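Participant: Starting off with a structure, shown below.
The values are calculated or read from the model by the stated rules, or taken from the named source; none is laboratory data. Computed from a predicted model, the values in this text were never measured in an experiment. Here the Cβ positions follow ideal geometry from the backbone for every residue, glycine too, while neighbour counts run over all protein chains shown. These area figures cover heavy atoms from the full protein model, side chains too; ligands, DNA and RNA do not enter into them. Shrake-Rupley method; radii C 1.70, N 1.55, O 1.52, S 1.80 Å.
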Amino acid sequence: MPDILALGEPLVEFAATERGALGEARTFVRGFGGDTANFALAAARLGGRAGYITRIGDDEFGRACQALWRREGVDTAGVIVEPGGVTGIYFIAIDREGRHTFTYYRAGSAASRLQPADVDPAYLAQARLFHTSGITQAISEGACAAAEAAMARARELGLVVTYDLNVRPRLRPVAELRGRVAAALRWAHVVFLSTEDAGHLFPDVAPEGVVERLVAQGPQVVVLKRGPQGCLVVTAGGERMLVPGWPVTPVDATGAGDAFDAAFVVERLRGRPLEEAARFANAVGALTTTSLGATAAIPTRAAVEAFMREPARGGMGA
Ligand code: KDG
């Protein structure tokens, strides 16, 4: 049975292989995405026992997602296959300056029809940690209700509740997203956000100020992901750790934040101290940026450990 459960929407991904506007792109690499699905897959690759809760269509892409999870060892007992349903897709375009944009075709997807009753309390009860995100809250009223009810139930059951803000102004107006973040903070023990999320949510406040605001609302730990600069970990007890990143040559940062979250929680469940978990998560995030798409470059535990040991990175060698 899985220790780590995530709830949200999986997407099939098409990443343009040429830089420029999406409308001009002619070739794409097919992959998989969806923030919480990336999280579950990363947790499994890193040696965690992970399960995913969602709805998918009984279409080709739904079957491809199921096959991926089976291959990767992600438990699918919480996956509902919707007859006649459609699995969402999205496109990644990277402009000439290296910035990526997402274009979604997910309205009316099977996952957008998630409801609170889709989360089996007995499945939750056997786990140690539950994770969801601002994207899950943003895709539909039903998915939002499912995410919030599951967070509340997981907390009642004594699970650790983790939450990534993953602010996507393309899905909903920011004012609404702010209200949803505030709701999630009632249940989340550990909160993740990127500097981009902080900027979307409170454009007039420095990211560190946004972290202070979040930590004042109840979570035990808030982690600000700073991309190549690593991360800042702040605790309700007043600890503040700035943990440096790992230099790599990035290709596409999609999914790096989700893999970071998974690495952090897998390490914490293994009993690692905050700073060590953050160091490991920074390495996982960095490695995940090294190829196109959200999941292709998510490393295995062995690959991360080898990377961190490389003498050029300050490691001790093999
Ligand atoms: O974090 C990466 C995700 O944003 C990507 O995989 C697509 O889930 C996605 C979304 O809704 O943006």
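Participant: Sort out which residues of the stretch 152-181 are within 16 Å of the ligand (Cβ to nearest atom), open to solvent by less than 30 Å² (accessible area, probe 1.4 Å) and aliphatic (A, V, I, L, M), and write them in order of number.
Facilitator: Listed by number, the residues that qualify are Leu165, Val167, Leu177, Val181.
Participant: When you check Ala306 against the structure, is it aliphatic (A, V, I, L, M), surrounded by fewer than 19 Cβ atoms within 10 Å (Cβ to Cβ), more than 29 Å from Tyr90 (Cα to Cα) and out of contact with any Cys (no Cβ under 7 Å at 6 or more places or on another chain), yes or no? Walk me through how you get there before you give the answer.
Facilitator: Numbers: aliphatic (A, V, I, L, M): yes; surrounded by fewer than 19 Cβ atoms within 10 Å (Cβ to Cβ): yes; more than 29 Å from Tyr90 (Cα to Cα): yes; out of contact with any Cys (no Cβ under 7 Å at 6 or more places or on another chain): yes.
In short, yes.
Listed here are the residues, each with its yes/no results for (1) surrounded by fewer than 17 Cβ atoms within 10 Å (Cβ to Cβ); (2) within 23 Å of Asn38 (Cα to Cα); (3) within 11 Å of the ligand (Cβ to nearest atom).
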{"position": "Val222", "(1), (2), (3)": "no, yes, no"}
{"position": "Gly230", "(1), (2), (3)": "no, yes, no"}
{"position": "Val233", "(1), (2), (3)": "no, yes, no"}
{"position": "Met241", "(1), (2), (3)": "yes, no, no"}
{"position": "Asp261", "(1), (2), (3)": "no, yes, yes"}
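Participant: Pairs, please: C-beta under 6 Å, at least 6 apart or cross-chain, first residue within 13 Å of the ligand (Cβ to nearest atom) and in the stretch 24-39, second part of a strand (DSSP E or B) and among the basic types (Lys, Arg)?
Facilitator: Close Cβ pairs (under 6 Å, with a partner that is part of a strand (DSSP E or B) and among the basic types (Lys, Arg)) do not exist here.
Participant: Residues of the stretch 65-82 being open to solvent by 20 Å² or more (accessible area, probe 1.4 Å) and farther than 22 Å from Ala117 by Cβ, which ones?
Facilitator: If the condition is that a residue be open to solvent by 20 Å² or more (accessible area, probe 1.4 Å) and farther than 22 Å from Ala117 by Cβ, then Ala67, Arg70, Arg71, Glu72, Gly73 are the ones that fit.
Participant: Looking only at the stretch 40-67, which residues are hydrophobic (A, V, I, L, M, F, W, C), away from the ligand (no atom under 13 Å from the Cβ) and not in a strand (DSSP E or B)? Before the answer, list the steps.
Facilitator: Residues of the stretch 40-67 that are hydrophobic (A, V, I, L, M, F, W, C), as a first pass: 40-44, 46, 50, 53, 56, 61, 64-65, 67.
Remaining after also requiring away from the ligand (no atom under 13 Å from the Cβ): 43-44, 46, 50, 53, 56, 61, 64, 67.
Ala43, Ala44, Leu46, Phe61, Ala64, Ala67, listed by residue number.
Participant: Count, please, the residues in the stretch 182-198 that happen to be within 15 Å of the chain's Cα centre (by Cα) and either farther than 22 Å from Leu129 by Cα or open to solvent by 10 Å² or more (accessible area, probe 1.4 Å) (or both).
Facilitator: 5
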